[in-house]
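Single-structure report; data block below.
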Amino acid sequence: MKPLLVVKDLTFAYPGKPPIFSGLNFEIYTKEKVCIIGKNGAGKTTFFYAIMGLLGQLQGEIIFEGKSIRTKEDLRYLRQKVGFLFQDPEDQLFCPTLLDDVLFGPLNMGLSRKEATDRAWGVLKELKIEDLAHNPPYTLSGGQKRLGALAAILAMDPQLLLLDEPSSGLDEEAASNLSGILTHLDKTIIMASHDMDFAEEVASSWYELSSGILRPLHGKTRVCI
Ligand SMILES: Nc1ncnc2c1ncn2[C@@H]1O[C@H](COP(=O)(O)OP(=O)(O)OP(=O)(O)O)[C@@H](O)[C@H]1O
(Lines give C-alpha, C1' and ligand atoms only; values in the text may rest on other atoms or scores of the structure.)
Protein backbone atom coordinates (compact mmCIF):
# COMPACT_ATOMS: atom_id res chain seq x y z
CA MET A 1 0.00 0.00 0.00
CA LYS A 2 1.25 3.48 -0.89
CA PRO A 3 1.16 6.34 1.63
CA LEU A 4 -1.70 8.80 1.10
CA LEU A 5 0.66 11.73 1.50
CA VAL A 6 4.42 12.00 1.28
CA VAL A 7 6.45 15.12 2.03
CA LYS A 8 9.92 14.67 0.64
CA ASP A 9 13.07 16.67 1.40
CA LEU A 10 11.15 19.81 2.26
CA THR A 11 13.36 22.85 2.79
CA PHE A 12 11.83 26.26 3.36
CA ALA A 13 12.65 29.65 4.87
CA TYR A 14 10.52 32.78 5.05
CA PRO A 15 12.35 35.64 3.27
CA GLY A 16 15.26 36.93 5.33
CA LYS A 17 14.78 34.29 8.04
CA PRO A 18 16.66 31.09 8.90
CA PRO A 19 15.23 27.86 7.44
CA ILE A 20 12.14 26.43 9.16
CA PHE A 21 12.49 23.09 7.39
CA SER A 22 15.78 21.55 6.35
CA GLY A 23 15.20 18.37 4.39
CA LEU A 24 12.02 17.39 6.25
CA ASN A 25 10.49 14.02 5.39
CA PHE A 26 7.06 12.73 6.39
CA GLU A 27 4.51 10.20 5.21
CA ILE A 28 1.05 9.17 6.32
CA TYR A 29 -1.13 6.22 5.30
CA THR A 30 -4.89 6.22 4.81
CA LYS A 31 -6.86 6.21 8.10
CA GLU A 32 -3.79 7.05 10.21
CA LYS A 33 -4.29 9.75 12.83
CA VAL A 34 -1.12 11.61 13.67
CA CYS A 35 -0.37 14.43 16.08
CA ILE A 36 2.50 16.83 15.52
CA ILE A 37 3.84 18.55 18.58
CA GLY A 38 6.48 21.24 18.77
CA LYS A 39 7.31 24.44 20.53
CA ASN A 40 5.72 27.77 19.53
CA GLY A 41 7.31 28.82 16.27
CA ALA A 42 8.63 25.33 15.43
CA GLY A 43 6.82 25.46 12.08
CA LYS A 44 3.68 23.32 12.51
CA THR A 45 1.38 25.82 10.79
CA THR A 46 3.98 26.42 8.09
CA PHE A 47 4.11 22.66 7.50
CA PHE A 48 0.36 22.65 6.82
CA TYR A 49 0.77 25.67 4.50
CA ALA A 50 3.44 23.74 2.59
CA ILE A 51 1.10 20.76 2.08
CA MET A 52 -1.74 23.04 0.92
CA GLY A 53 0.53 24.86 -1.54
CA LEU A 54 0.24 28.17 0.27
CA LEU A 55 3.96 28.95 0.39
CA GLY A 56 4.58 29.36 -3.32
CA GLN A 57 7.60 27.65 -4.82
CA LEU A 58 9.01 24.98 -2.50
CA GLN A 59 12.23 23.10 -2.35
CA GLY A 60 11.16 19.48 -2.02
CA GLU A 61 8.15 17.46 -3.09
CA ILE A 62 4.55 16.94 -1.98
CA ILE A 63 3.15 13.63 -3.21
CA PHE A 64 -0.58 12.93 -2.78
CA GLU A 65 -2.11 9.56 -3.72
CA GLY A 66 1.20 8.66 -5.35
CA LYS A 67 1.24 11.74 -7.59
CA SER A 68 3.68 14.60 -7.28
CA ILE A 69 1.85 17.94 -6.90
CA ARG A 70 3.37 20.14 -9.58
CA THR A 71 0.73 21.95 -11.59
CA LYS A 72 -2.18 24.25 -10.65
CA GLU A 73 -4.49 21.39 -11.65
CA ASP A 74 -2.72 19.00 -9.23
CA LEU A 75 -3.06 21.59 -6.48
CA ARG A 76 -6.76 22.11 -7.18
CA TYR A 77 -7.27 18.34 -6.87
CA LEU A 78 -5.31 18.17 -3.62
CA ARG A 79 -7.31 21.05 -2.14
CA GLN A 80 -10.56 19.21 -2.92
CA LYS A 81 -9.32 16.15 -1.07
CA VAL A 82 -7.54 17.80 1.85
CA GLY A 83 -9.48 19.86 4.37
CA PHE A 84 -7.43 22.39 6.31
CA LEU A 85 -8.69 23.84 9.59
CA PHE A 86 -6.75 27.07 10.04
CA GLN A 87 -5.45 28.04 13.45
CA ASP A 88 -7.64 31.15 13.21
CA PRO A 89 -11.17 30.08 12.16
CA GLU A 90 -12.01 33.69 11.23
CA ASP A 91 -9.98 33.08 8.06
CA GLN A 92 -12.49 30.45 6.96
CA LEU A 93 -15.90 31.95 7.65
CA PHE A 94 -16.96 34.66 5.24
CA CYS A 95 -20.66 34.10 4.39
CA PRO A 96 -23.72 35.91 5.84
CA THR A 97 -24.65 32.90 8.01
CA LEU A 98 -22.88 29.82 9.34
CA LEU A 99 -25.19 27.60 7.28
CA ASP A 100 -24.17 29.47 4.11
CA ASP A 101 -20.53 28.84 5.00
CA VAL A 102 -21.13 25.13 5.50
CA LEU A 103 -23.11 24.94 2.25
CA PHE A 104 -20.47 26.83 0.29
CA GLY A 105 -18.01 23.92 -0.21
CA PRO A 106 -20.52 21.21 -1.18
CA LEU A 107 -22.33 23.57 -3.60
CA ASN A 108 -19.01 24.59 -5.09
CA MET A 109 -18.18 20.92 -5.61
CA GLY A 110 -21.34 20.59 -7.70
CA LEU A 111 -23.70 18.89 -5.25
CA SER A 112 -27.40 19.72 -5.66
CA ARG A 113 -28.88 22.14 -3.11
CA LYS A 114 -30.79 19.23 -1.50
CA GLU A 115 -27.64 17.08 -1.17
CA ALA A 116 -25.59 20.02 0.08
CA THR A 117 -28.27 21.01 2.59
CA ASP A 118 -28.59 17.46 3.95
CA ARG A 119 -24.84 17.24 4.31
CA ALA A 120 -24.55 20.65 5.96
CA TRP A 121 -27.25 19.90 8.56
CA GLY A 122 -25.67 16.48 9.17
CA VAL A 123 -22.31 17.93 10.18
CA LEU A 124 -23.84 20.85 12.09
CA LYS A 125 -25.83 18.33 14.15
CA GLU A 126 -22.83 16.04 14.64
CA LEU A 127 -20.83 18.96 16.01
CA LYS A 128 -23.86 20.06 18.09
CA ILE A 129 -23.97 23.55 16.62
CA GLU A 130 -27.15 23.28 14.53
CA ASP A 131 -28.84 25.98 16.61
CA LEU A 132 -26.17 28.42 15.38
CA ALA A 133 -26.85 27.70 11.70
CA HIS A 134 -28.64 30.95 10.95
CA ASN A 135 -26.28 33.18 12.93
CA PRO A 136 -23.77 35.45 11.18
CA PRO A 137 -20.30 33.99 11.87
CA TYR A 138 -19.01 37.28 13.33
CA THR A 139 -21.52 36.91 16.19
CA LEU A 140 -20.14 33.50 17.22
CA SER A 141 -17.69 32.93 20.07
CA GLY A 142 -14.14 31.76 19.34
CA GLY A 143 -14.96 28.12 20.12
CA GLN A 144 -18.19 28.26 18.10
CA LYS A 145 -16.27 29.72 15.13
CA ARG A 146 -13.76 26.86 15.35
CA LEU A 147 -16.52 24.26 15.29
CA GLY A 148 -18.25 26.19 12.49
CA ALA A 149 -15.07 26.22 10.40
CA LEU A 150 -14.65 22.50 11.02
CA ALA A 151 -18.26 21.89 9.94
CA ALA A 152 -17.54 23.74 6.68
CA ILE A 153 -14.55 21.45 6.07
CA LEU A 154 -16.27 18.20 7.02
CA ALA A 155 -19.19 19.06 4.73
CA MET A 156 -16.77 18.73 1.81
CA ASP A 157 -16.03 15.15 2.89
CA PRO A 158 -12.24 15.44 2.51
CA GLN A 159 -10.00 12.39 2.58
CA LEU A 160 -7.29 14.00 4.69
CA LEU A 161 -7.82 16.52 7.47
CA LEU A 162 -5.12 18.98 8.54
CA LEU A 163 -6.19 20.36 11.88
CA ASP A 164 -4.24 23.24 13.37
CA GLU A 165 -5.00 23.37 17.11
CA PRO A 166 -8.55 21.98 16.73
CA SER A 167 -9.42 22.09 20.44
CA SER A 168 -8.18 25.63 21.05
CA GLY A 169 -10.89 27.75 22.66
CA LEU A 170 -13.32 24.85 23.17
CA ASP A 171 -14.86 24.19 26.57
CA GLU A 172 -14.51 20.74 28.12
CA GLU A 173 -17.80 19.43 26.75
CA ALA A 174 -17.20 20.70 23.20
CA ALA A 175 -13.60 19.39 23.23
CA SER A 176 -14.75 15.99 24.45
CA ASN A 177 -17.50 15.86 21.79
CA LEU A 178 -14.97 16.83 19.12
CA SER A 179 -12.32 14.31 20.22
CA GLY A 180 -15.02 11.60 20.13
CA ILE A 181 -16.03 12.60 16.60
CA LEU A 182 -12.45 12.77 15.31
CA THR A 183 -11.53 9.45 16.94
CA HIS A 184 -14.33 7.64 15.14
CA LEU A 185 -14.07 9.58 11.89
CA ASP A 186 -13.18 7.30 9.00
CA LYS A 187 -10.53 9.70 7.71
CA THR A 188 -6.83 10.38 7.76
CA ILE A 189 -5.85 13.15 10.17
CA ILE A 190 -2.72 15.23 10.77
CA MET A 191 -3.24 17.45 13.75
CA ALA A 192 -1.00 20.01 15.43
CA SER A 193 -1.84 20.48 19.09
CA HIS A 194 -0.56 21.71 22.40
CA ASP A 195 -3.55 20.06 24.10
CA MET A 196 -2.10 16.72 25.11
CA ASP A 197 -5.30 15.29 26.64
CA PHE A 198 -7.23 16.04 23.47
CA ALA A 199 -4.47 14.77 21.19
CA GLU A 200 -4.07 11.54 23.17
CA GLU A 201 -7.75 10.79 22.59
CA VAL A 202 -7.50 11.22 18.83
CA ALA A 203 -3.97 10.40 17.65
CA SER A 204 -2.36 6.99 17.44
CA SER A 205 1.09 8.20 16.46
CA TRP A 206 3.13 11.25 17.32
CA TYR A 207 5.85 13.36 15.75
CA GLU A 208 7.88 16.19 17.13
CA LEU A 209 8.80 19.10 14.87
CA SER A 210 12.09 20.53 15.96
CA SER A 211 15.13 22.02 14.23
CA GLY A 212 13.45 21.74 10.85
CA ILE A 213 12.70 18.03 10.86
CA LEU A 214 9.84 15.78 11.97
CA ARG A 215 10.96 13.06 14.32
CA PRO A 216 8.62 10.14 15.12
CA LEU A 217 7.90 9.64 18.82
CA HIS A 218 7.36 5.95 19.35
CA GLY A 219 4.48 4.82 21.52
CA LYS A 220 1.85 7.11 22.93
CA THR A 221 4.44 9.04 24.86
CA ARG A 222 3.13 11.95 26.84
CA VAL A 223 5.34 14.88 25.97
CA CYS A 224 5.05 18.28 27.55
CA ILE A 225 5.70 21.21 25.25
N1 LIG B 1 4.40 34.97 6.93
C2 LIG B 1 5.49 34.86 7.68
N3 LIG B 1 6.59 35.60 7.38
C4 LIG B 1 7.72 35.49 8.11
N5 LIG B 1 7.86 34.64 9.15
C6 LIG B 1 6.81 33.89 9.48
C7 LIG B 1 5.57 33.95 8.77
N8 LIG B 1 4.70 33.07 9.31
C9 LIG B 1 5.36 32.50 10.33
N10 LIG B 1 6.62 32.96 10.43
C11 LIG B 1 7.65 32.52 11.38
O12 LIG B 1 7.90 31.16 11.12
C13 LIG B 1 8.11 30.43 12.32
C14 LIG B 1 7.15 29.24 12.38
O15 LIG B 1 5.82 29.71 12.55
P16 LIG B 1 4.59 28.70 12.63
O17 LIG B 1 3.36 29.53 12.79
O18 LIG B 1 4.64 27.76 11.49
O19 LIG B 1 4.92 27.91 13.99
P20 LIG B 1 3.99 26.94 14.86
O21 LIG B 1 4.80 25.75 15.19
O22 LIG B 1 2.69 26.70 14.18
O23 LIG B 1 3.76 27.83 16.18
P24 LIG B 1 2.56 27.82 17.27
O25 LIG B 1 2.71 26.57 18.10
O26 LIG B 1 2.84 29.07 18.07
O27 LIG B 1 1.26 27.89 16.53
C28 LIG B 1 7.94 31.46 13.46
O29 LIG B 1 9.22 31.88 13.85
C30 LIG B 1 7.17 32.58 12.83
O31 LIG B 1 7.51 33.82 13.40
For the chain, the Cα convex hull volume per residue in Å³ comes to 128
Extension gain from LEU217 to THR30, taking 0.36 nm per residue of separation minus the Cα-Cα distance: 65.4 nm
Span per principal axis, largest first, for the Cα atoms of region 138-208 (Å): 36, 26, 20
At 10 °C and a viscosity of 1.306 mPa s, what translational diffusion coefficient does Stokes-Einstein give for region 89-157, taking Rh as the Kirkwood radius over Cα pairs? Give it in µm²/s as a whole number. 140
Rough spin-label spacing in nm, given labels placed 7 Å along Cα→Cβ, for GLU172 and MET196: 1.9
With θ set to phi - 60° and the Karplus curve 6.51 cos²θ - 1.76 cosθ + 1.60, what are the ³J(HN,Hα) couplings of region 43-54 in order, to the nearest whole Hz, using x for Gly and Pro? x, 5, 5, 4, 4, 5, 4, 4, 5, 7, x, 9
Of the listed links LYS2/LYS128; LYS145/LYS187; LYS44/LYS72; LYS72/LYS128; LYS8/LYS145; LYS31/LYS145, those spanning more than 32 angstrom between alpha carbons are LYS2/LYS128; LYS72/LYS128; LYS8/LYS145
Want the number for ARG113 to LEU54: 0.36 nm per residue separation, take away the alpha-carbon distance, what's left? 18.2 nm
Relative contact order [Cα under 8 Å, 6+ residues apart], region 8-81, whole percent: 30
Solvent exposure of the chain as accessible area per residue, Å², 1.4 Å probe: 49
With an 8 Å Cα cut-off and a minimum separation of 6 or more residues, compute the relative contact order for the chain in percent. 29
Between ASP9 and GLU90, what length in nm is gained on full extension when 0.36 nm per residue of separation is reduced by their alpha carbon distance? 26.0 nm
Residue-count net charge about GLN92 - beta-carbon cut-off 10 Å; Lys, Arg +1, Asp, Glu -1: -2
Over region 89-157, what percent of the accessible surface lies on carbon and sulfur atoms, probe 1.4 Å? 53
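The values are calculated or read from the model by the stated rules, or taken from the named source; none is laboratory data. Quick caveat: nothing in here was measured; it's all calculated off a predicted structure. In this analysis, Cβ positions are derived from the backbone assuming ideal geometry, glycine residues included, and neighbour counts consider all displayed protein chains. Side chains are part of the model used for accessible areas, which takes the heavy atoms of the whole protein and leaves out ligands, DNA and RNA. Shrake-Rupley method; radii C 1.70, N 1.55, O 1.52, S 1.80 Å.
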